[in-house]
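Asks: Once you've had a glance at the structure underneath, I'll fire off some questions.
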Amino acid sequence: KAGVTQTPRYLIKTRGQQVTLSCSPISGHRSVSWYQQTPGQGLQFLFEYFSETQRNKGNFPGRFSGRQFSNSRSEMNVSTLELGDSALYLCASSLTELETQYFGPGTRLLVL
Amino acid sequence: AQSVTQLDSHVSVSEGTPVLLRCNYSSSYSPSLFWYVQHPNKGLQLLLKYTSAATLVKGINGFEAEFKKSETSFHLTKPSAHMSDAAEYFCVVSGLYSGGGDDGLSFGEGSHLIIQP
């Protein structure tokens, strides 16, 4: 069974731009969560989607948004990029909200 | 709310010797606890998880962890380190399983494991 896939793997943007990251969960998994990893803040929870509904949201500004499609694929959008948004963005999927999360390889975003 | 503290930011051991990575947690509820490993430029891989069954949890690659409620600890151990174990290890607590309603997973700061030949 294929694992969680994330596209693109690497991305370079400039301040003020917006970006969309994509996550395809493991087949059959309906829950998708997003995390941001930076050297200074470590791993922080962004949000979780289940059955196309946002179930939980971390402490991030409204510039960070996401959505989930009927096939459980999820996208994350960051608008008006700031230098501090440079990070590794990890997506994790699980069968349901209560099951173990399995992580993708991440998208490394660099904001210049 | 829940939180996790990893007591060792860097751990260096010789190949073939035991590994101990320490983790303490706080949670208002009975937590679910995990250890994940992250190799350079890779995503997170689940090593093991505790969800209120056996207190000694066996994971992949010879790792195991013991849940001690009285000490609020969930230390990760391996009897004999291998060069391929060099990576970043994260202790993680989830409140979702226990009705805590907290947001997703809470990660520790990470422990960087170095294996000396």
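Quick note: the coordinates plus some simple rules give every number you see, no bench work behind them. As the structure is a prediction and not an experimental result, all values here were calculated from the model. Counting neighbours? That spans all protein chains shown, and the Cβs are built from the backbone with ideal geometry, glycine included.
Asks: Out of A:102, B:86, B:53, whose Cα points farthest toward the positive end of the dipole of the protein assembly as shown (charges: +1 Lys, Arg; -1 Asp, Glu; placed on Cβ)?
Replies: A:102
Asks: Treating segment A:23-66 as a set of equal point scatterers at the Cα positions, no solvent, please give the Debye-formula log₁₀ I(q)/I(0) at q = 0.26 Å⁻¹.
Replies: -0.98
Asks: When Rg is the radius of gyration of the Cα atoms in the protein assembly as shown and Rh is its Kirkwood radius, what does Rg/Rh come to?
Replies: 0.97
Asks: With +1 assigned to the C-beta of every Lys and Arg and -1 to the C-beta of every Asp and Glu, and no other charges, what is the dipole magnitude of chain B about the Cα centre in debye, to the nearest 20?
Replies: 220 debye
Asks: Give the distance, in whole Å, between the Cα centre of segment B:1-66 and the Cα centre of segment A:26-91.
Replies: Computed from Cα coordinates, the inter-centre distance equals 24 Å.
Asks: Restricting to Cα pairs below 8 Å that are 6+ residues apart, what does the relative contact order work out to for chain A? Please round to a whole percent.
Replies: Computed value for chain A: 36 percent relative contact order.
Asks: Taking the C-alpha atoms of chain B, how large are the radius of gyration and the largest Cα-Cα span, Dmax, in Å?
Replies: Values for chain B (Cα only, Rg and Dmax): 13.7, 45 Å.
Asks: Hey, another quick one. On the Cα set of chain A, report Rg and Dmax in Å, please.
Replies: 13.1, 38
Asks: Magnitude of the Cβ-charge dipole of the protein assembly as shown, K/R +1 and D/E -1, about the Cα centre, nearest 20 debye?
Replies: That gives the protein assembly as shown a dipole magnitude of about 480 debye.
Asks: Also, quick follow-up: Only four residue types carry charge here, +1 at the Cβ of Lys and Arg and -1 at the Cβ of Asp and Glu. Report the dipole size of segment A:65-112 about the Cα centre in Debye, rounded to the nearest 20.
Replies: 140 debye
Asks: Just give me a number: lysine pairs in the protein assembly as shown, eight or more positions apart or cross-chain, with C-alpha atoms less than 29 Å apart.
Replies: 21
Asks: Considering only DSSP states other than H, G, I, E and B, which GluC sites (Glu not before Pro) in segment B:24-84 qualify as loop sites with at most 11 other Cβ atoms within 10 Å?
Replies: B:71
Asks: Now, a different point. Please average, across the residues of A:32-43, the number of beta carbons from any other chain that are within 10 Å of each residue's own beta carbon, and give a whole number.
Replies: Mean number of neighbouring Cβ atoms from other chains: 3.
Asks: Ranking A:35, A:102, B:29 by Cβ neighbours within 10 Å, fewest first, what do you get?
Replies: B:29, A:102, A:35
Asks: Using +1 at the Cβ of each Lys and Arg and -1 at the Cβ of each Asp and Glu in the protein assembly as shown, identify which of B:70, A:61, B:21 lies farthest towards the dipole's positive end.
Replies: A:61
Asks: Does segment A:73-112 classify as rounded, prolate or oblate by the C-alpha gyration tensor (a ≥ b ≥ c root eigenvalues; a/c under 1.5 gives rounded; else a/b over b/c gives prolate, otherwise oblate)?
Replies: Prolate, since a/c reaches 1.5 and a/b exceeds b/c.
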